[in-house]
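S.K.: One structure follows; several queries about it will come next.
The values are calculated or read from the model by the stated rules, or taken from the named source; none is laboratory data. Nothing here was measured: the structure is a model prediction, and the numbers come from that model. FYI the Cβ positions are ideal-geometry reconstructions off the backbone, even for glycines, and counts take in every protein chain you see.
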């Protein structure tokens, strides 16, 4: 009978290695997660808009776009994503989101954000676990 | 106890109606809130249109699922004159902001938290703006 034991040694060197990689990795991961959130949120909002826009707003869902920006500098880092109808596109400036005097609020972006807000927060909270695995 | 969506709507409408008609002020007694789809065809010279919907909320608490349902209310102020729009707005704020309202079955709807302002625009001789509110205990 033979027996082998494999010892995995997680020492300070491992931690040091993870931490050295952290600045680059965290920026890359945060940027990717933020971008993903913009894409998913925009898709969701556009799908809602497709249902709610109706005959007079046929082009409105196609005006939905997303855009990301990243700042990494001396004061820290900021990652942001923005999505919704782009005013420059056909029907992109229709007053559908909050409605108007003659138009009920459609809340396409709001319904999307209600879902994306908590799930984006959860994704971001999960990142540090991956960094130190 | 849990009120129906209709009972909740009625409670919100009643609170806003009361505020719209309350003295002191210049508001005539016929100023009212209506469901968005239920504004009289001959539009009153000043009124509030309501849109009530449920809203997805995540289980924010670690201890388990969130005990309440979320809701969103959009109050749209419409009037011939922009000053009246601001007066409607002021009265609606007084009526619902951070308040929980009692429905006819004794349960609460609210409190209503201010979410977003939608600025006042004029078109076709009408002025109109809106506010959106989120609340809990929606049905």
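S.K.: So which of A:77, A:113 is in contact with a strand residue (DSSP E or B) (Cβ under 8 Å, 6 or more places away or on another chain), touching a residue at least 40 places away in the same chain (Cβ under 8 Å) and either in a strand (DSSP E or B) or buried (at least 17 other Cβ atoms within 10 Å of the Cβ) (or both)?
M.R.: Numbers: A:113 fails: in contact with a strand residue (DSSP E or B) (Cβ under 8 Å, 6 or more places away or on another chain).
That would be A:77, the only listed residue that is in contact with a strand residue (DSSP E or B) (Cβ under 8 Å, 6 or more places away or on another chain), touching a residue at least 40 places away in the same chain (Cβ under 8 Å) and either in a strand (DSSP E or B) or buried (at least 17 other Cβ atoms within 10 Å of the Cβ) (or both).
S.K.: Further, regarding this structure: Looking only at the stretch A:80-110, count every residue that is within 14 Å of chain B (Cβ to nearest Cβ) and part of a loop (DSSP other than H, G, I, E, B) and tell me the total.
M.R.: First, pick out the residues of the stretch A:80-110 that are within 14 Å of chain B (Cβ to nearest Cβ): A:84, A:93-110.
Within this subset, residues satisfying the condition of being part of a loop (DSSP other than H, G, I, E, B) are A:93-99, A:101-102, A:104-107.
Final tally of qualifying residues: 13.
S.K.: A further question follows. Using the structure shown, decide if residue A:28 is under 19 Å from the mean Cα position of the chain (by Cα), over 20 Å from residue B:57 (Cα atoms) and either within 14 Å of chain B (Cβ to nearest Cβ) or without any contact (Cβ under 8 Å) to a residue 60 or more places away in the chain (or both). Working first, answer last.
M.R.: Values: under 19 Å from the mean Cα position of the chain (by Cα): yes; over 20 Å from residue B:57 (Cα atoms): yes; either within 14 Å of chain B (Cβ to nearest Cβ) or without any contact (Cβ under 8 Å) to a residue 60 or more places away in the chain (or both): yes.
The answer is yes for residue A:28.
S.K.: Say we look at the stretch B:103-136 and pick out the residues that are more than 15 Å from the chain's Cα centre (by Cα) and not in a strand (DSSP E or B); which of these is nearest to the other protein chains (Cβ to nearest Cβ)?
M.R.: My answer is B:124.
S.K.: Now a separate question. Taking the stretch B:1-56 only, how many residues are more than 14 Å from chain A (Cβ to nearest Cβ), at pLDDT 90 or above and closer than 24 Å to residue A:109 by Cα?
M.R.: 1
S.K.: Only residues that are in a helix (DSSP H, G or I), in contact (Cβ under 8 Å) with a residue 12 or more places away in the chain and either more than 14 Å from chain A (Cβ to nearest Cβ) or in contact with a helix residue (DSSP H, G or I) (Cβ under 9 Å, 6 or more places away or on another chain) (or both): list them for the stretch B:69-92, please. Outline the logic, then answer.
M.R.: Going through the stretch B:69-92, the residues in a helix (DSSP H, G or I) turn out to be B:82-92.
Those still in the list that are in contact (Cβ under 8 Å) with a residue 12 or more places away in the chain too: B:82, B:84-89, B:91-92.
Residues satisfying the conditions are B:86, B:87, B:88, B:89, B:91, B:92.
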